[in-house]
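Structure first, commentary second.
The values are calculated or read from the model by the stated rules, or taken from the named source; none is laboratory data. In this text, all values refer to a predicted model and were calculated from it rather than measured experimentally. Note that each Cβ is placed from the backbone with ideal geometry, even for glycine, and that neighbours are counted across all protein chains shown. The accessibility values were calculated without ligands, DNA or RNA, using every heavy atom of the protein model including side chains. Shrake-Rupley method; radii C 1.70, N 1.55, O 1.52, S 1.80 Å.
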Amino acid sequence: MKKDLLSEKIRNLADSIGIDALGFAEASEFSDYALRSSKRRDPKLTLPNAKTIIVAGIYIGAVTLPNWVNPWYGRTSRLYLSEFFLDVVKPLEPIVDFLKNEGFQAIVCEGSKKEGSILPLKLAAIRAGLGWQGKHSLLISKKYGTFLALGGIITNADLEHNTKEESNRCRNCDKCQKACPLAALDQPYVLNVKKCMSYLLQNENLPKKIQIVMENRVADCEICQESCPWNRKHLDNPLVTKITESFQKKIGDWEQFFYLPDLVELSEKGYRKKLGQLNTDIPYKIFHRNILIAMERAKKVGEMI
Ligand code: B12
């Protein structure tokens, strides 16, 4: 099948799946990717005859819970509740099947699988024309802000590659850098991972001073994203997309689930059963520790409300 027709068919398929942003990038090495020893650095380390990286973005702007502002409820993030914590995978399966039926190889970037995280998705998204890298180191799309969960496929199919990358529109803005309570963004465009709340809330060691600024956050952090001007319109009035509609039906259930007095009673079995569907790799022990800290805080703050 000719390149343009093949590309068109994949775009139409992605539309029908509810993928909000899609782009094709040439499958060459990411020379500016900082982790030189990582397989993500070069798609040909995964598929020697790779020709194209298909990058998909799903809008998660509306995947929020109203009671995130209430200290008696555990707060997480849009990515956490979106089921794409370890990459957009399931929605890409029809595209993989289509490519394989056309006789091509196709491998999905899957963070939950050992050796499965095969792409630097932000850099691939930039090369595919989906947006630019902000000073918070996240991909910013003009239409969707940073609220795109990303997924990617490496294939030997030759598709219509994007040739024009979006120009960087951060200019002098440094709102994200100023907003981060842990100074994890002191160097623009480079996240100091060890200082990032999202990293610390997933880690064994949670220094006392973090326990104060984490508030009711039990997983992830969105402070840098909420300060980003490109997300303003999405905070006030999120777009209505396929995911937005399907998540609306789940809000009531999730609201109740994150009620801290109940959550402290959650067993490891209950944790796997309920949060397994979110496909996060955060260990129960760490999640439960964060719940206990948020609960202690709620007792103190709760009296004040
Ligand atoms: C590991 C990881 C994390 C780690 C470490 C993050 C990091 N930046 O390394 C932790 C747990 C901290 C994390 C946090 C979050 N993550 Co994360 N994460 C990833 C993962 C699996 C790999 C990222 C990676 O390659 N890191 C390695 C660093 C080196 O790469 P980089 O960030 O691209 O770094 C670039 C620049 O920062 C700069 N740079 C970095 N270090 C250095 C050093 C030097 C010397 C230089 C010159 C340059 C430089 O150059 C690099 C290339 O441009 C990706 C999935 C994927 N496969 O890509 C998701 C991913 C990037 N995460 C994502 C998200 C949403 C988040 C959170 C917002 C979740 C939350 N709400 O808490 C936070 C955001 C924190 C932030 N401001 O970045 C999304 C981003 C979507 C988007 N629109 O951009 C992804 C793509 C997951 C997905 N499938 O959607 N994440």
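Annotations for the structure displayed:
- Under a model in which nothing but the beta-carbon of Lys, Arg (+1) and Asp, Glu (-1) is charged, the chain shows a dipole of about 600 debye around its Cα centre.
- Reachable lysines from K300, criterion Cα separation under 25 angstrom, eight or more residues apart if same chain: K208, K209, K285
- Structural descriptor for the stretch 94-210: relative contact order 23 percent, calculated from alpha carbon pairs under 8 angstrom and at least 6 residues apart.
- Per residue accessible area in Å² of the stretch 4-106, where ligands, DNA and RNA are left out and the probe is 1.4 Å: 42 Å²
- Probe 1.4 Å, all protein chains present, accessible-area order of H161, H234, largest first: H161, H234
- Accessible-area ranking of D262, D32, D20, largest first, probe 1.4 Å: D32, D262, D20
- Relative contact order for the chain: 24 percent, from Cα pairs under 8 Å spaced at least 6 residues apart, divided by residue count.
- Computed from the alpha carbon positions, the gyration tensor of the chain leads to an equivalent ellipsoid with semi-axes of 34, 21, 19 Å, biggest first.
- For the stretch 164-305, the solvent-accessible area works out to 58 Å² per residue, with a probe of 1.4 Å and every protein chain left in place.
- Each 5 Å bin, from zero up to the one with the longest distance, holds this percent of the alpha carbon pairs of the stretch 149-215: 3, 12, 17, 14, 14, 11, 11, 10, 5, 3, 0.
- Selection of chymotrypsin sites (Phe, Trp or Tyr not before Pro), the stretch 177-231, meeting DSSP coil and at most 11 other Cβ within 10 Å: none
- Trypsin sites (Lys or Arg not before Pro) lying in DSSP loop within the stretch 118-166, provided at most 16 other Cβ fall within 10 Å: K142, K143, K164
- Straight Cα distances below 17 angstrom link K9 to the aspartates and glutamates D20, E93, D97, E102, D158, E160, with same-chain residues fewer than 8 positions distant left out.
- For the stretch 85-174, with +1 on Lys and Arg beta carbons and -1 on Asp and Glu, the positive-most of L138, C170, V89 along the dipole: C170
- Between the stretch 207-249 and the stretch 101-163, the Cα center-to-center distance that results, in Å: 22 Å
- Compactness of the stretch 1-70, taken as the C-alpha radius of gyration over 2.2 N^0.38 Å, stands at 1.54.
- When the alpha carbon gyration tensor of the stretch 259-305 is reduced to an equivalent ellipsoid, its three semi-axes come out at 23, 10, 9 angstrom, largest first.
- Put a dot 7 Å past the Cα of S167, heading toward its Cβ, do the same for K2, and the two dots end up 3.4 nm apart.
- Span per principal axis, largest first, for the Cα atoms of the stretch 47-200 (Å): 52, 37, 28
- DSSP-defined beta bridges in the chain - what % are antiparallel, rounded to 5: 95 percent
- Pairwise Cα distances in the stretch 158-302 exceed 27 Å for 38 percent of all pairs.
- When all protein chains stay in place and ligands, DNA and RNA are ignored, the 1.4 Å accessible-area order of S77, S38, largest first, is S38, S77.
- For the residue pairs K249/K269; K90/K143; K142/K242; K178/K242; K3/K39, the C-alpha atoms sit more than 30 angstrom apart in K178/K242.
- When you filter the GluC sites (Glu not before Pro) in the stretch 196-250 for DSSP loop state and at most 11 other Cβ atoms inside 10 Å of their Cβ, you are left with E204.
- In whole percents, the pair-distance distribution calculated for the stretch 16-117 from its alpha-carbon pairs, binned every 10 Å from zero, is 12, 37, 31, 14, 5, 0.
- Surface composition of the chain: carbon and sulfur make up 53 percent of the accessible area, probe 1.4 Å.
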